[in-house]
Structures are given as C-alpha cells and as structure tokens.
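Sending over a structure as structure tokens; questions will come in a sec.
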Amino acid sequence: MGDYVYRLAFSALLVLTLASTSASAASRNCTTAEKQAANNQLKAIEADATLQSQIATRHAPFGVPVTTISASNEKVLFQNGYILGHDGDLRTALWVSYRLTANDIAGATGKDRVNCFRTDPRLQRANAASTSDYKEPIYDQGHMTNDADLKDDLTEQINTYMMSNMSPQHCRFNRGIWLSLEHLTRIWAEKYGDILVTSGTIFDRDGLPGRDDDTAAMHMKSNNGKERVAVPSDYFKTFLRQENGVWHAITFKLPHNNDDNGVDWSDVKPKVQADISSIAVVEAAAGLDLFPSIDIASVQESSDGSDWDLSVGRSNFSSSCK
C-alpha cells in the first residue's frame, strides 16, 4: 500500500509539473485517420520539388545544412514545419532546422499534445528507427524538433513524432537541460518575434577533431537484443534572429550525459551559459555546414548570452527521472 500511495503521489506531481509547462494542455494519441493524413502529406511533399524549395526558403533561408565529411547514407527530409537531415547508418537525425514565430506560439497555446510515434514512411526499413528500438531501460525518445513548437498545426505536430526526428537522450538530459532550452526557444520566439532554430547531434567520442566515423558510434541496446540506433556524444542548438539589419546568433554545445542540472531555471541557467559555444566549433565537431550561404563573419555571435535574454527561462521536470 505504501508503494502504491507513493506512486500515486508521484504521478500527481508529474501531472502538475507537465501542466505547468504546457499551458494546461491535455495529451492524447493520434487517431488512425490523423496518422494517415500526416503520412500522406509527407509523401506529397517528397514528390514535389517546388514545395520542398518553398519549405527550404522558409525554414533554411541561408541554405539547407550540408555534411562536410564523406558520407553515403544520408537524406534530407522535408516537412511543412521543419527540415531534417537523417543518417541511415546511425538511424537518427543529424540536424533539424525551422523558423519559429510569435504567431506560431500564439496559435499553439492551450492545444493538446498529440502523440504519434511511428517509423518514418519515407525511409527504407533497414535505415529507419522503430519504436521497438527505444524499448530499453536507459534512454528517452528525445525530439529534435520539439512537438510543442508546432502545435499550432495538428499535422505538423504529428509529424514531429516520426522516429527519424527522435534521438536517444538520457532521462535527466531530455527532461532537464534540453527541455529548459526548448522552453527558452518558445520564449525567445515570443520575445523576438521571429527566430531560426537549428538543433542537432554530435558523434565525437574519440577526442580527435571532427565527427567520428559512423562505424565508431556507440549504439543503445534494445530489449530485443538489437543495437540499431546510435547514441550521440553531444547535442547542439543554434539560434539566429535579425535586429536592425544585423543577424544575431547564439549556439549551445551540450555534453550528453545523465547529470542532474537542476529543475529550477535559476539552477539550470549557469550550466546553460557554460555550454555557450560557437557555430564554427559545432560545425567542426558535427561535420556540418549549418548555414552554407551566410558570411559568419557578418553575424554577431554571443559568447556569454549578453544579447539574448537568459533571464526568462522556465523549470523542467528532470525530477521525474529515477
């Protein structure tokens, strides 16, 4: 009985915590019809080069990120809400890019979270992660493009639940410092009106400059004994906004571990600030050119967060981790 009461109390606390971070929105699973409509949209975009170009213009105005190392099994996937670079050998996203505006955030307020985890219908099964790959005791299914950013459009939100948009994240990372940065993303979109967001994975465990070869990646072991999905050594987020004709940027390079970084923003903020990096450092470690057509020298990059408001962060729920 004591264990039951504890679990009941913990569940109630978790519900309250989630409610405080999602404007009292509810959570449900997608219907079969909603999932089919979302998959149909993906297939339609895949077959329409003009539509892909329009999506790229909106979400990647400085060019779609490109890999700068030798790679043969990577694919760019276009969705209305974001663009994703996927690696079929690692079976996870290398990067995602999207524009987020204050209007997007206003349109998402109060709407349900609609879970729709599924294998990406555009990928060959051998190259695609499945939900069974994440049935194991260590890692969360970490969104690269956060579902809450795209809740203003149901189909766009549902299409953040493809497994191609997931990456294995330690519990305290996913529900902690990563979630705090996801909250900050939406706060900045509201504050600045229009921001460009690029998030991604880094595979660099050997201590040498540059991204490791795919064959050197560590993989998580699923309950079925398979080891298909690679586990990143680090993650990154880069933000761009324009102000008075000048582009401002801030980049975070986050070590991927299960450290307890705190729940309250006042505790998390110093650790987020310590992880401020630069576009050049992230590009070198990830083997990417994130903004092919921009002159980085013309961008005002923040090295300490001084021209980005870091006072407005929100708490996370890493306390739900064991």
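The values are calculated or read from the model by the stated rules, or taken from the named source; none is laboratory data. Every value quoted in this text rests on a predicted model; they were computed, and no experiment measured them. Neighbour counts are summed over all protein chains in view; Cβ atoms, including those assigned to glycine, are modelled from backbone coordinates with ideal geometry. Ligands, DNA and RNA are excluded from the accessible area calculation, which covers all protein heavy atoms including side chains. Shrake-Rupley method; radii C 1.70, N 1.55, O 1.52, S 1.80 Å.
What whole number of Å gives the distance from the Cα centroid of the stretch 105-142 to the Cα centroid of the stretch 276-322?
Centre-to-centre (Cα) distance: 24 Å.
I'd like to check one number: the per residue accessible area of the chain, probe 1.4 Å, reported in Å² as a whole number.
43 Å²
Could I ask something else about it? In a GNM of the chain with a 10 Å cut-off on Cα contacts, which of Met163, Met220, Met144 has the highest mean-square fluctuation?
Evaluated over the chain, the most mobile residue of the options is Met220.
Starting from 0.36 nm per residue, how many nanometres of slack lie between Leu51 and Asp309 once their C-alpha separation is accounted for?
Working: separation 258, 0.36 × 258 = 92.88 nm, distance 3.47 nm.
Extra length available between Leu51 and Asp309 comes to 89.4 nm.
Taking every alpha carbon pair in the stretch 144-218, what does the distance histogram look like in 10 angstrom bins from 0, in percent?
15, 39, 32, 13, 1
How large, in percent, is the carbon and sulfur part of the accessible surface of the chain at a probe radius of 1.4 Å?
The C+S portion of the solvent-accessible surface of the chain is 50 percent.
Here's a follow-up. When the distances between all Cα atoms of the chain are binned every 10 Å from zero, what whole-number percent does each bin get?
6, 26, 38, 24, 5, 1, 0
I need to check one value: relative contact order of the chain, counting alpha carbon pairs closer than 8 Å and at least 6 residues apart, in percent.
Relative contact order, the chain: 20 percent.
How big is the accessible area of Trp308 in square angstrom, nearest 10, if you roll a 1.4 angstrom probe over the protein chains?
10 Å²
Then there's this: Between Asp259 and Phe117, what is the FRET efficiency for a Förster distance of 25 Å, r being their Cβ-Cβ separation, to the nearest 0.05?
E(calc), rounded to 0.05, equals 0.40.
Across 10 Å bins from 0, what is the distribution of all Cα-Cα pair distances for the stretch 122-171, in whole percents?
The distribution over the stretch 122-171 is 25, 47, 27, 1, given as percents.
If you add up the charges near Leu154, with Lys and Arg at +1 and Asp and Glu at -1, over every other residue whose beta carbon is less than 14 angstrom from its beta carbon, what do you get?
On the way: positive: Arg28, Lys35, Lys111, Arg113, Lys151; negative: Glu34, Asp104, Asp112, Asp147, Asp149, Asp152, Asp153, Glu156.
With Lys, Arg at +1 and Asp, Glu at -1, the net is -3.
Would you compute, from DSSP H runs of 4+ residues alone, the mean residue ellipticity of the chain at 222 nm, taking -39500 (n - 2.57) per run and dividing by the full residue count, rounded to the nearest 500?
-8500 deg cm²/dmol
Continuing with the same structure: Quick one: net charge around Ser277, please, counting Lys, Arg +1 and Asp, Glu -1 for every other residue with C-beta under 14 Å from its C-beta. Show your work: numbers first, answer last.
On the way: positive: Lys237, Lys253, Lys271; negative: Asp204, Asp234, Asp275, Glu283, Glu301, Asp304.
Around Ser277, the charge tally is -3.
Can you pull the semi-axes for the stretch 204-304, root of five times each eigenvalue of the Cα gyration tensor, sorted largest first, whole Å? Could you put the intermediate results ahead of the total?
Details: eigenvalues 168, 80, 25 Å².
Equivalent ellipsoid of the stretch 204-304: 29, 20, 11 Å, largest first.
Span-like helices, the chain: DSSP H, alpha-carbon axial extent 24 Å or more, mean Kyte-Doolittle -1.0 or greater, which ones?
Helices meeting the span and hydropathy rule in the chain are 2-21.
Eigenvalues of the Cα gyration tensor times 5, then square-rooted: what semi-axes does that give for the stretch 75-207, in whole angstrom, largest first?
24, 17, 15
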